[in-house]
């Protein structure tokens, strides 16, 4: 799976030694998507070699390839997002990006009939103020 976004936080790396005596290292990040309604995604890069291969900085635009895994412990479920590749910039085709603001307003098309003016001094929240043409059921 992939997600495109901007790195908004680089959290402190965590290190330890596994049961077999092998050292491990995890580097967590927080990414904010570029959707109309941005979402924050916490993900991790596991392993010192992968961390060196995939460096990230705050405010950097990245495409993160990852795996999602859930596991149960004492009746509760925990989900982790583990990145296996981080590419600089938006490398996906057709990725959702914020719409650019238009530089100039398009010319209005000529209308065959003049637009109806909105009634003046009408409370839009007054149910009895309408003209009775609404198709709403309430």
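The values are calculated or read from the model by the stated rules, or taken from the named source; none is laboratory data. It should be emphasised that the depicted structure is a prediction, and the values quoted were computed from it without experimental measurement. For neighbour counting, all protein chains shown are included, and Cβ atoms are generated from backbone atoms with ideal geometry for every residue, glycine included.
Data overview
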| quantity | calculated |
| --- | --- |
| Residue match in segment 77-95 (condition: more than 26 Å from residue 8 (Cα to Cα) and modelled with pLDDT of 95 or more) | yes |
| Count - residues of segment 53-87 that are surrounded by 12 or more Cβ atoms within 10 Å (Cβ to Cβ) and in a strand (DSSP E or B) | 14 |
| Residue match in segment 42-52 (condition: farther than 12 Å from residue 86 by Cβ, under 12 Å from the mean Cα position of the chain (by Cα) and either assigned to a strand (DSSP E or B) or modelled with pLDDT of 95 or more (or both)) | yes |
